[in-house]
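Working notes for the structure below.
What follows is calculated from the coordinates using simple rules that are stated; it is not laboratory data. Everything numeric here is computed off the predicted structure, so don't read it as measured data. For neighbour counting, all protein chains shown are included, and Cβ atoms are generated from backbone atoms with ideal geometry for every residue, glycine included.
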Amino acid sequence: MFTIIIPTHERPLLLRRALQSLIAQTYKDFQVIVVDDTGGYIPPFPELAALAGRYTYVIRSGQNGPAESRNMALDLAKTPYVMFLDDDDTFEPGHLQALADHIGTRTPEIVHCDFRVLREDRRHNPPQFLGSDDMSTAGITADSIFILNRIPNNCLVYRRDVVQNVRHAGDMRIYEDWDFLLAALAGRTLEHVATNGVNIYKSTADSPENERRGNTRDDLLVPTMLYLYKKHPAPNMATRLGRQELMAHAGHPITLEQC
């Protein structure tokens, strides 16, 4: 049913946690593709052994970053649906079962779910838990995503044919997942499933142990959003006005022609 794509970069302990959450899944009809862009660490053999027959572990060369790793894994995926899991995040044990139950015998194109944000301090091993918040994506529509994306990449499930010709932009420093979603949405339907089996771990950026990619790149937010607005034109006037309103609220007024 599902292929779960995990790009990883020099975070072996966090990768083990992500894989352990897949081992614990009550629904077993899935494959895992891990793409390591450095090969600087020994793969997590105990976890991979527990997934025997259901995983592919690739060590690739070339440019570092999740975009190219995800693209390579997309080329390898064979199941009806594909989804992504960052190497520092996890799924709850019943997550895949809830998705499979929602899909049933239908063939929805793009499905999204709710999630939980867990704050942690990674200077400790294992990371120290600091708190959590439940987050819903129920009110998010395709039109709203053309204004601002509020669906984490881990919360999306794509029918494989929908993304057959869609790939992540390796030259984008931030928002490449938003760019991918916008490209996949063209002419497609989006539906919500009320389950919050995705755990997204957040950590402060005040130490190397806690750094997440993009934490310190606020300077790229506005230029990247304007780039995406141009690349993916608004589907209607309401969306164009929404883009204009958002940028004005952020202190960067733009014309309708830029929307």
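Details
- Whole-Hz ³J(HN,Hα) from phi, Karplus 6.51 cos²θ - 1.76 cosθ + 1.60, for segment 22-28, glycine and proline x: 7, 4, 7, 4, 6, 9, 10
- Start at zero, step by 5 Å, and the Cα-Cα distances of the chain spread as 1, 6, 12, 17, 19, 18, 13, 8, 4, 1, 0, 0 percent across the bins.
- Set of segment 151-186 residues, backbone N closer than 16 Å to the point 7 Å along the Cα-Cβ line of residue 227: 167-183
- Taking a ≥ b ≥ c as the square roots of the eigenvalues of the Cα gyration tensor, segment 24-87 is oblate, since a/c reaches 1.5 or more and a/b is not larger than b/c.
- Exposed GluC sites (Glu not before Pro) absent: longest stretch of the chain, with sites in DSSP loops and at most 16 other Cβ within 10 Å deemed exposed: 11-210
- Overall shape: rounded for segment 47-154, with the ratio a/c of the largest to smallest alpha carbon gyration tensor axis below 1.5.
- DSSP-assigned coil residues among trypsin sites (Lys or Arg not before Pro) in segment 41-140, each with at most 11 further Cβ atoms within 10 Å: 78, 106
- Förster-model FRET efficiency, 22 Å R0, residue 26 and residue 164, C-beta, rounded to 0.05: 0.15
- Mean ellipticity per residue at 222 nm, deg cm²/dmol - from DSSP H runs of n ≥ 4 across the chain, formula -39500 (n - 2.57): -8500 deg cm²/dmol
- Put the Cα centre of segment 72-92 next to the Cα centre of segment 1-51 and the gap is 10 Å.
- Contact order normalised by residue count of segment 217-259, Cα under 8 Å, 6+ apart, percent: 42 percent
- Highest GNM mean-square fluctuation among 139, 242, 94, for the chain modelled with Cα contacts below 10 Å: 139.
- Take every Cα pair under 8 Å whose residues are at least 6 apart in sequence, average their separation, divide by the length of segment 2-216, and the relative contact order is 25 percent.
- With θ taken as phi - 60° and the Karplus curve 6.51 cos²θ - 1.76 cosθ + 1.60 applied, the whole-hertz 3J(HN,Hα) list for segment 121-136 is 10, 8, 6, 9, 10, x, x, 7, 6, 10, x, 8, 9, 8, 10, 10 Hz, x standing for glycine and proline.
- Simple label model, 7 Å out from Cα along Cβ direction - residue 78 to residue 117, nm: 4.0 nm
- Taking the DSSP bridge list for the chain and keeping only pairs wholly inside it, about 40 percent are antiparallel.
- Computed from phi, the 3J(HN,Hα) profile of segment 99-114 under the Karplus parametrisation 6.51, -1.76, 1.60 (θ = phi - 60°) reads 5, 5, 5, 5, 5, x, 9, 7, 9, x, 7, 9, 10, 10, 10, 7 Hz, with x in place of Gly and Pro.
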